[in-house]
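One structure is given below, encoded as structure tokens.
The values are calculated or read from the model by the stated rules, or taken from the named source; none is laboratory data. This one's a predicted model, so the numbers in the text were calculated from it and none came from an experiment. As a convention, Cβ positions derive from the backbone with ideal geometry for all residues, glycine included, and neighbour counts pool all protein chains shown. With ligands, DNA and RNA removed, areas are computed over all heavy atoms of the protein, side chains included. Shrake-Rupley method; radii C 1.70, N 1.55, O 1.52, S 1.80 Å.
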Amino acid sequence: NPDPKVWGAGKLNVYGAVKATILSAGTTPAPKSDVDVTVYPNPNNGQFMITYKAEQSGFYLVEISNTAGQMLHQQSWELKNGVNTLPVNLQNSGKGMFIVTITGRGGQVVKRIVIN
């Protein structure tokens with residue numbers, strides 16, 4: 001049995017499981033290039049949009065971290081064929097540069113954003 005005095009003991013790493021699933025079968029290949037993905041406005045005030053022009057439906061993992069590597073936002077994103085838009089709110093994350101990573105089977109696209 002896990003020791004209840006140890007932080008995280010007995011907990012599940014749900015995002016780790018989701019990421020592993022997305023990287024395996026049943027997901028859509030990653031964007032062919034970063035041209036398929038747009039993050040705007042950039043710079044922004046913590047509210048921004050991510051758009052991705054998908055050639056087929058599938059699931060992706062969106063992760064946003066600061067430059068120190070601290071994960072601030074993680075979510076799965078179900079895309080439909082065509083242009084998809086994901087609104088993001090990081091207004092409580094402070095100012096600075098952040099890294100947006102979109103992962104699908106076969107690879108990932110990384111974008112940098114600035115929050116003023």
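What is the gain in length, in nm to one decimal, between Lys80 and Thr51 on full extension, counting 0.36 nm per residue of separation less the C-alpha to C-alpha distance?
Between Lys80 and Thr51, full extension yields an extra 9.3 nm.
In Å², and per residue, what accessible area does region 57-116 have when probed at 1.4 Å with the other protein chains present?
52 Å²
Give the long-range amide H neighbours of Leu90: residues separated by 5 or more places, or on another chain, with amide H under 5 Å away, using H modelled in the peptide plane at 1.01 Å from N.
Placed amide hydrogens put Gln47, Phe48 under 5 Å from Leu90.
Need one number: nm distance between label points at Asp36 and Val110, each 7 Å from Cα along Cα→Cβ, rounded to one decimal.
1.9 nm
Solvent-accessible area of Val114, probe 1.4 Å, all protein chains present, reported in Å² to the nearest ten, please.
50 Å²
For region 39-50, just list the computed ³J(HN,Hα) in residue order, Karplus coefficients 6.51, -1.76 and 1.60, θ = phi - 60°, integers in Hz, with x standing in for Gly and Pro.
10, 8, x, 8, x, 8, 9, x, 10, 8, 10, 10
Say R0 is 25 Å: what FRET efficiency, to the nearest 0.05, do Lys95 and Phe59 get from their beta-carbon distance?
The calculated FRET efficiency here is 0.20.
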